[in-house]
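Only one structure is covered here, and it is reproduced in the block below.
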Amino acid sequence: MRIAILEDDLTQSEMLRWVLESVNHKCHCFATFKSFQTALYRDSFDLVLLDWVLPDSSGPKVMHWIRETLHIKVPVLFITSKTDEENIVEALNAGADDYMIKPIRRGELIARVNALLRRAYPELTAPEVFEITDLEFHPKFSTIVRHTKRVVMTQKEFDLALLLFRNLGKPLSRSHIQESVWGRDTDLPSRTMDTHISRVRSKLALRPEQGFRLTPVYGFGYKLEQVDHEGKSTDLAKIKRQLAEND
């Protein structure tokens, strides 16, 4: 998962990155609220680690901004040295999902992050096979079955389709998609991603009349959403419940 770390202490920031990347999460560090804001206008993250004291803002203010600005509720974990109950209550009331007190213990951090991700994205803990409408995903075999027939796809096309369906209704930035499907260090021509998006749309019939709409988000990336017969978005919560029931 892609995790944003908002922490102005470089030593702490690098420690958090090292711990989380050791269990295969991808981390991006920000030392100021402004740099984090700028990144969110062109990027997307699955979880935010937030320090209380920042050089240009405070944790609770950033928390309020996240909840008021982002259309999708991203889980937020406060990490701070403040131990007073009133500070913990303030953070949780501001919209934080969990709270950790420094010094951070590696095992606890990993456990809390993974617990937040499981709650926020129940589809990620789906079994070997999970279904969405007439599509069956078999992650173990990198296979999608539609109407009892296997859809012929390359590995990258499958990875891209799986990423999109695991983030139904959520805009994904181009860098998020590239990092998840092709890797962070890959020098990827922009047309490569667009071509793969087109192929996935075609092979899985991701059209409004088939119940899905895959569209570009100008200056940002792509968004896959489930729509009704009139082309209107359906309730994302219902989709997540459907995926969770398969677990």
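The values are calculated or read from the model by the stated rules, or taken from the named source; none is laboratory data. Predicted model only: the values in this text are computed from it and were never measured. Because the Cβ atoms are built from the backbone with ideal geometry, glycine has one as well, and the counts that use them run over all protein chains shown. Ligands, DNA and RNA are stripped out before the accessible areas are found, and what is left, the full protein with its side chains, is counted by its heavy atoms. Shrake-Rupley method; radii C 1.70, N 1.55, O 1.52, S 1.80 Å.
How many residues, within the stretch 165-205, are over 17 Å from Thr154 (Cα atoms), touching a helix residue (DSSP H, G or I) at 6+ places or on another chain (Cβ under 8 Å), open to solvent by less than 20 Å² (accessible area, probe 1.4 Å) and at pLDDT 90 or above?
Going through the stretch 165-205 one residue at a time, the tally reaches 1.
Is it the case, given these coordinates, that Arg150 is in a helix (DSSP H, G or I) and either of a type in the set (A, V, I, L, M, F, W, C) or open to solvent by 50 Å² or more (accessible area, probe 1.4 Å) (or both)?
no
Could you tell me whether Asp46 is under 15 Å from Ser35 (Cβ atoms) and either touching a His at 6+ places or on another chain (Cβ under 6 Å) or in contact (Cβ under 8 Å) with a residue 24 or more places away in the chain (or both)?
Here the answer is no, as Asp46 does not meet what is asked.
What are the residues in the stretch 27-49 that are in contact with an Asp or Glu (Cβ under 6 Å, 6 or more places away or on another chain) and buried (at least 17 other Cβ atoms within 10 Å of the Cβ), if any?
Listed by number, the residues that qualify are Cys27, Ala31, Phe33.
State which residue pairs qualify: first residue more than 25 Å from Glu86 (Cα to Cα) and inside the stretch 99-122, second residue open to solvent by 20 Å² or more (accessible area, probe 1.4 Å) and not in a helix (DSSP H, G or I) in any location, beta carbons under 7 Å apart, and separation of 6 or more residues or different chains.
Ile110/Val23; Leu117/Met1; Pro122/Asp247
Just to be sure before I move on: is Glu14 free of Cβ contacts under 8 Å to residues at least 40 places away in the same chain, in contact with a strand residue (DSSP E or B) (Cβ under 9 Å, 6 or more places away or on another chain) and of a type in the set (Asp, Glu) in the structure I sent?
Spelling it out, Glu14 is indeed free of Cβ contacts under 8 Å to residues at least 40 places away in the same chain, in contact with a strand residue (DSSP E or B) (Cβ under 9 Å, 6 or more places away or on another chain) and of a type in the set (Asp, Glu).
Any chance the stretch 77-96 includes a residue that's of a type in the set (Gly, Ala, Ser) and open to solvent by 70 Å² or more (accessible area, probe 1.4 Å)?
Checked against the condition, which is being of a type in the set (Gly, Ala, Ser) and open to solvent by 70 Å² or more (accessible area, probe 1.4 Å), the stretch 77-96 yields at least one hit.
Give the residue that is nearest to Leu117 (Cα to Cα), with candidates limited to residues of the stretch 13-22 that are open to solvent by 50 Å² or more (accessible area, probe 1.4 Å) and not aromatic (Phe, Trp, Tyr).
The selected residue is Glu21.
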